[in-house]
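Scroll down for the structure; my scribbles are underneath it.
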Amino acid sequence: MVSRSFDGEYIARTIEKLGFIAVRGSSSRSGAKALLGLKDQLERGVAGAFTIDGPRGPKYVAKPGPVLLSRASALPMAAFYVALSDAWVLNTWDALMIPKPFSKALVRFSAKVQVPAETAGTASGEMDAQMAEFHWQLQAALERVTRFAEDNVAQVGSAEFPIHKG
C-alpha cells in the first residue's frame, strides 16, 4: 500500500519497476478502499506490504491497517525493518534514508501474528480490546526488529552476519 501523496507517487513507480503492484491509499486518504484493494491482491496470491507508520507518522508508530487486513484476509501479519550502515537522511517527517554506495543493509523480520477472523463477531467493546492487543503486538514487534537491525547492521558481512550470494 502506497500513499496518494507526492512522495507516494515516487515510491509507487519504484516498486512497480521492481515488479510489485502499488495499491494507492493511506490512513488519511482512501484507506478503506486501499485495504480492500490490498485484500483483493492478497487473495490472488500477491504478497502485500505497506509502511505501517502511515503518511504522516509519527515515525515508527504502527497504524491499525495491518491488523484490520490480517483479520479480513485470514493471513498473518509481520513487521520488518531495513537498517543502513551509511545513508543520506532527508529532512522529512520520517527521516527517509537513501543508502550511500557500498552501504551495508540488514533486514530483520518479526514472527508472524495471526489476527483471528472471529474477532469481528464479538461484542463491540471486546473487539476493540482484542484489536488493540493485536495492534500492541505489531507495535512491539516493530520496535524489536528496528532495535535489532540498528544495533547489528555494522556487523553485516562479518562471521556473525555473512553475506550470502546467489
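The values are calculated or read from the model by the stated rules, or taken from the named source; none is laboratory data. Fair warning: this is a prediction, and the values are worked out from it, not measured in the lab. Every residue, glycine among them, receives a Cβ derived from its backbone with ideal geometry; neighbour counts consider all protein chains shown. Accessible surface is based on the protein model in full, side chains and every heavy atom, while ligands, DNA and RNA are left aside. Shrake-Rupley method; radii C 1.70, N 1.55, O 1.52, S 1.80 Å.
Things to note:
- First in the range 91-110 and under 21 Å from GLN139 (Cβ atoms) and open to solvent by 90 Å² or more (accessible area, probe 1.4 Å), second anywhere and modelled with pLDDT under 95 and in a loop (DSSP other than H, G, I, E, B), Cβ under 7 Å, 6 or more apart: TRP93/ARG56; TRP93/GLY57; TRP93/LYS59; PHE109/ALA78
- Being at pLDDT below 95, hydrophobic (A, V, I, L, M, F, W, C), assigned to a loop (DSSP other than H, G, I, E, B) and loosely packed, with under 15 Cβ neighbours inside 10 Å is not true of ALA154.
- Set side by side, the residues GLN139, GLN130 differ, and just one is of a type outside the set (Gly, Ala, Ser), under 27 Å from VAL23 (Cβ atoms), part of a helix (DSSP H, G or I) and more than 18 Å from the chain's Cα centre (by Cα), which is GLN130.
- Where helices (runs of 4 or more DSSP H) fall wholly inside the range 1-96, the ranges with 1 or more residues that are over 27 Å from GLN130 (Cα atoms) are 6-17.
- Scanning the range 47-81 for residues that are open to solvent by 50 Å² or more (accessible area, probe 1.4 Å) and modelled with pLDDT under 85 returns ALA47, ALA49, THR51, ARG56.
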